[in-house]
Amino acid sequence: MAEHLRTTRQAIYDMRRRGEGPPSFRFGRRLLFPEQRLVEWIATKIREAA
């Protein structure tokens, strides 16, 4: 996902910790981002920037 957003994994973790990142959940030790929720989050960020 970090590659898709053109950022680092650490930046994603930091956004998540601040409550600014895309919706996610833990599955064991893995941090997962549901694809549809990620697409919606990106669309929202694009609208906010416009």
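Each reported figure results from applying straightforward, stated rules to the coordinates on display, with no laboratory input. What you see is a predicted model, and the numbers here were worked out from it, not measured in a lab. Please note: Cβ atoms are built from the backbone with ideal geometry, for glycine as well, and neighbour counts cover all protein chains shown.
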Checklist outcome for this item: If you go through Ile46, Ile12, the only one that is of a type in the set (A, V, I, L, M, F, W, C) and surrounded by 13 or more Cβ atoms within 10 Å (Cβ to Cβ) is Ile12
Item to check | Per-region count, the range 5-50, residues part of a helix (DSSP H, G or I) and hydrophobic (A, V, I, L, M, F, W, C) | outcome: 10
Item to check | Residue check for Arg18: of a type in the set (D, E, K, R) and without any contact (Cβ under 8 Å) to a residue 12 or more places away in the chain | outcome: yes
Next on the checklist: Can you tell me which of (1) surrounded by 13 or more Cβ atoms within 10 Å (Cβ to Cβ); (2) touching a strand residue (DSSP E or B) at 6+ places or on another chain (Cβ under 7 Å) is the one Leu38 doesn't meet?
Outcome noted: (2)
